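> Take a look at this one; I'll ask things after.
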Amino acid sequence: MSEYDNYIDITAAVCPITFVKVKVALERTDDGKILYIKLNDGEPIQNIPRSLKDEGHKVVKIENNGDGTYGLYVVKNGL
Amino acid sequence: MIDFSDEMLERYSRHILLKEVGVSGQEKILSARVLIIGAGGLGAPAAMYLAAAGVGTIGIADADVVDLSNLQRQIIHSTADVGKAKVLSAQETVNAMNPDVKVVAHRLFVDSSNIAEIISGYDFIVDGTDNFPVKYLINDACVLHKKPFSHAGIIQFKGQTLTYVPGAPCFRCVFPNMPPEGAVPTCRQAGVLGVMGGIIGTIQAAEALKYILGVGELLAGKLLVFDALTMNFRKINVNKAKTCPTCSEGAGIKLIDYAAPVCDLKKH
Ligand SMILES: [Zn+2]
């Protein structure tokens, strides 16, 4: 699966702007649609999935890109 | 949807991160219009926090000029502002704090002839005045024109605040008539701890933001009373008064200018 409806790259941002950018991207994504988030290893991959869950979004897949970045597939309001 | 620049995302990041605010809540704040009547002890901190929050349009109504004796508590004004119109001094501070905010300066005494027109352009009104005649007028006008507003008063080490929204008890359900002359000193006479405006005015700003966002519980039907000497906050339930001179059925309120109780200091 590598299908998504919307895309955001937060690898250039630092906490907490990372999650702020994710929230803006989710605002532009319809309920039930998939947002792809490209994020860095370390603090972002540790915290962003948890924050998404707290706000009711479902992380359906995590891909390790092998270059220090990850890809998250998130269903908006999927929980 | 507002196109947030990276700079705006960073400025408002701590709001956007809140579940109760988020991107759409910050948009509501940026498009909100709040009027602050009185750029004094209460209005100064209220205006500053609302400006920092990004309230898109802040109206400030005050006819006075900055006096040296104001600076002990009216933190929107600086020593260099003494003699300057308070609305201009406040506008300069807000502009320096946040370029996203548009300030509308109403340099006038709010009275029964102009209040309806002034409040009509705003979503929420903050009563930051320090005298009873205008407080009663603000209550009457906001009830008559169905405008939510925050009442507050501070004196010595005490403060109180209540939020009115259409349908809720109004200020005059609790305090139907102006106190008789001499019964209550004004803060000009009695003195006030400078921070009281900061504490109570900031609560007023919080109420305005909650109203804009539609989150939480407002101080509607609740009178919050604070005593800084004992650090007691007390929330008193208040009810709509059947005999309220303003909001009861058939009260037929007309806006008038109430006579100010004569200041004892001036009399003697
Ligand atoms: Zn009433």
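The values are calculated or read from the model by the stated rules, or taken from the named source; none is laboratory data. The structure presented is a predicted model; accordingly, all values stated were derived computationally and were not measured. Glycine also receives a Cβ, built like all others from the backbone with ideal geometry; neighbour counts cover every protein chain displayed.
Residue-by-condition table, conditions (1) in contact with a Phe, Trp or Tyr (Cβ under 9 Å, 6 or more places away or on another chain); (2) not in a strand (DSSP E or B):
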position: A:LYS23; (1), (2): no, yes
position: A:LYS38; (1), (2): yes, no
position: A:ILE48; (1), (2): yes, yes
position: A:ILE62; (1), (2): yes, no
position: A:TYR70; (1), (2): no, no
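> Quick one: A:GLY68 ticks every box in (1) loosely packed, with under 14 Cβ neighbours inside 10 Å; (2) free of Cβ contacts under 8 Å to residues at least 12 places away in the same chain except a single one, so which number is it?
So A:GLY68 meets the others, but not (2).
> Test of understanding: among B:ALA39, B:ALA96, B:ALA85, B:ALA46, which residue is free of Cβ contacts under 8 Å to residues at least 24 places away in the same chain and either under 16 Å from B:PHE109 (Cβ atoms) or buried (at least 24 other Cβ atoms within 10 Å of the Cβ) (or both)?
B:ALA85
> Take the stretch B:1-14 and flag every residue that is surrounded by fewer than 20 Cβ atoms within 10 Å (Cβ to Cβ) and within 27 Å of the chain's Cα centre (by Cα).
Scanning the stretch B:1-14 gives B:MET8, B:ARG11, B:SER13, B:ARG14.
> Which residues, counting only those in the stretch B:1-38, are of a type in the set (A, V, I, L, M, F, W, C), more than 8 Å from chain A (Cβ to nearest Cβ) and not in a strand (DSSP E or B)?
Within the stretch B:1-38, B:ILE2, B:MET8, B:LEU18, B:VAL21, B:ILE29, B:LEU30, B:ALA32 qualify.
> Further, regarding this structure: Is it the case that B:GLY167 is away from the ligand (no atom under 16 Å from the Cβ) and either of a type in the set (A, V, I, L, M, F, W, C) or away from every other protein chain (no Cβ under 14 Å) (or both)?
no
> Still on this model: Out of curiosity, is A:PRO16 buried (at least 20 other Cβ atoms within 10 Å of the Cβ), within 21 Å of B:LYS19 (Cα to Cα) and either in contact (Cβ under 8 Å) with a residue 60 or more places away in the chain or in contact with a Ser or Thr (Cβ under 6 Å, 6 or more places away or on another chain) (or both)?
Criteria not met by A:PRO16.
> Assuming A:ASP9 fulfils every condition listed in (1) at pLDDT 95 or above; (2) away from chain B (no Cβ under 13 Å); (3) out of contact with any Leu (no Cβ under 7 Å at 6 or more places or on another chain); (4) more than 22 Å from B:GLU7 (Cα to Cα) apart from one, which condition is it?
(4)
> While we're on this one: Output the number of residues of the stretch B:93-107 satisfying the condition of being of a type outside the set (Ser, Thr, Tyr) and in contact with a helix residue (DSSP H, G or I) (Cβ under 8 Å, 6 or more places away or on another chain).
Number of matching residues: 9.
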